[in-house]
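The values are calculated or read from the model by the stated rules, or taken from the named source; none is laboratory data. These figures come from a predicted structure and were not determined experimentally. Quick reminder, even Gly has a Cβ in these numbers, built from the backbone with ideal geometry, and neighbours come from all protein chains shown.
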């Protein structure tokens, strides 16, 4: 028999989906599906174009706040940190660009790896993978446990 602790956990608890922000990419609010089956986080990106700056490669891409409703189109650019073979839920492999960026969940900030791919037909524009949820617990019966991202943190971390 499992004993239940009556102590409050100091570990933040994620629901099966959450709100987040990617301030370095100009995204103030995005719906995220928490996916313990995915290792790396992923986001819906369109119009990918690789550019060279000195010895480094960058990728230009477009994100949409509001996802399928395309409330706001955001032009982004980020340094490519890797190209990685990723398996989708159907077992199909594809090479994806990997970038690093800051993610805000509630009042928590962390730097995460994010693969860029077409999630246009999916309900959520972003998946949060296991690497990004280290230090969190997940309650699959709940949603939006951390609330909306802290606006002061968004302003502080936003580029430009």
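Test residue 50 against the criterion of being over 22 Å from residue 17 (Cα atoms), part of a strand (DSSP E or B) and modelled with pLDDT of 90 or more, and give yes or no.
yes
Can you tell me how many residues within the range 105-139 are within 23 Å of residue 11 (Cα to Cα), over 11 Å from the mean Cα position of the chain (by Cα) and part of a strand (DSSP E or B)?
Within the range 105-139, residues that are within 23 Å of residue 11 (Cα to Cα), over 11 Å from the mean Cα position of the chain (by Cα) and part of a strand (DSSP E or B) number 4.
Within the range 25-42, take every residue that is within 19 Å of residue 135 (Cα to Cα) and assigned to a loop (DSSP other than H, G, I, E, B) and give me the one that is nearest to the chain's Cα centre (by Cα).
Among those that are within 19 Å of residue 135 (Cα to Cα) and assigned to a loop (DSSP other than H, G, I, E, B), it is 40.
For the range 148-160, which positions are part of a loop (DSSP other than H, G, I, E, B) and touching a strand residue (DSSP E or B) at 6+ places or on another chain (Cβ under 7 Å)?
148, 149, 150
Considering each of 44, 69 in turn, give the residue that is farther than 21 Å from residue 146 by Cα, touching a helix residue (DSSP H, G or I) at 6+ places or on another chain (Cβ under 9 Å) and modelled with pLDDT under 95.
44
Please verify whether residue 98 is more than 17 Å from the chain's Cα centre (by Cα) and touching a residue at least 12 places away in the same chain (Cβ under 8 Å), treating the condition exactly as stated.
No, not satisfied.
Would you mind finding the one in 85, 75, 102 that is touching a strand residue (DSSP E or B) at 6+ places or on another chain (Cβ under 9 Å), surrounded by fewer than 11 Cβ atoms within 10 Å (Cβ to Cβ) and assigned to a strand (DSSP E or B)?
Just a single option satisfies the conditions, and that option is 85.
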